1. Quick one: in region 36-53, of everything that is assigned to a helix (DSSP H, G or I) and farther than 23 Å from G135 by Cβ, which residue is most open to solvent (accessible area, probe 1.4 Å)?
2. Select from region 115-127 the residues that are closer than 18 Å to L94 by Cβ and without any contact (Cβ under 8 Å) to a residue 12 or more places away in the chain and write down the one among them that is surrounded by the fewest Cβ atoms within 10 Å (Cβ to Cβ).
3. Taking region 60-87, which residues are open to solvent by 90 Å² or more (accessible area, probe 1.4 Å) and assigned to a helix (DSSP H, G or I)?
4. Mind checking which residues of region 88-105 are open to solvent by 70 Å² or more (accessible area, probe 1.4 Å) and either under 20 Å from H50 (Cα atoms) or among the acidic types (D, E) (or both)?
5. Taking region 128-138 as the search range and keeping residues that are of a type outside the set (A, V, I, L, M) and open to solvent by 60 Å² or more (accessible area, probe 1.4 Å), which one is nearest to I92 (Cα to Cα)?
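The values are calculated or read from the model by the stated rules, or taken from the named source; none is laboratory data. These numbers were taken from a predicted model, which means no experiment stands behind them. Note that each Cβ is placed from the backbone with ideal geometry, even for glycine, and that neighbours are counted across all protein chains shown. To get the accessible areas, we keep the full protein, side chains included, count just its heavy atoms, and leave off ligands, DNA and RNA. Shrake-Rupley method; radii C 1.70, N 1.55, O 1.52, S 1.80 Å.
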Amino acid sequence: FFSSRTMFFAAFRRGVQIPTAVRAFRAGKPAHGGTSETENLRTMLFKSDHSSAGMHIYHKLNFALIGLGPAALVLSPSALNYPVDIALGIIIPLHSHIGGNDVITDYAHKITKAKAFENSLRIGLFGVTVVTFVGLLKLNLQGPGVTETLKSFWRSKKSR
């Protein structure tokens with residue numbers, strides 16, 4: 001006659017692994033954010049860190065930036081770098097916007113609990129994102145591009 005406790009320890013001795021976390025109880029809830037908000041345009045723009053799709057996009061943008069950054073430096077100056085600069089001009093503001101929303105979610109309530117404060121920060125961040133996007137787009141279309149601009153910081157004044 002074995003008690004359940006004895007069987008439990010016997011399973012460990014044989015090397016049977018017991019799952020540490022089971023997600024079946026909350027399988028219907030989003031993995032990040034824990035809210036049941038419908039993911040509409042307003043959520044994606046102003047609370048992208050509360051959206052599972054927003055966080056998925058954020059993590060994919062990480063990988064894109066890891067690959068495109070070195071590729072841009074290697075390809076510049078050439079015609080092959082133009083699409084990479086355009087992609088960076090879109091990805092950098094979008095990545096910064098989602099990350100900024102995450103910072104607002106984590107730290108705005110430590111300053112004040114007022115929802116108006118958090119909402120005004122999110123609207124301000126959206127404005128900064130739009131201005132950054134337009135500025136990088138203008139730099140890419142009418143100027144030397146993102147990569148050549150960054151490379152010019154390391155060139156001497158004579159070769160500029």
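1. Residues of region 36-53 that are assigned to a helix (DSSP H, G or I), as a first pass: 41-46, 48-50, 52-53.
Narrowing the set further to residues that are farther than 23 Å from G135 by Cβ leaves 41-43, 49-50, 52-53.
Values: L41: 123, R42: 166, T43: 14, D49: 1, H50: 46, S52: 53, A53: 36 Å².
Here the residue is R42.
2. Per the stated criteria, the residue is G127.
3. Once the filter is applied, which keeps residues that are open to solvent by 90 Å² or more (accessible area, probe 1.4 Å) and assigned to a helix (DSSP H, G or I), region 60-87 yields K60, F63, I66, L73, V74, Y82.
4. First, pick out the residues of region 88-105 that are open to solvent by 70 Å² or more (accessible area, probe 1.4 Å): 90, 94, 103.
Matches in region 88-105: L94, V103.
5. Initial filter on region 128-138 (of a type outside the set (A, V, I, L, M)): 129, 132-133, 135, 138.
Add one more test, that the residue is open to solvent by 60 Å² or more (accessible area, probe 1.4 Å), and what stays is 133, 138.
On the way: F133: 8, K138: 14 Å.
Here the answer is F133.
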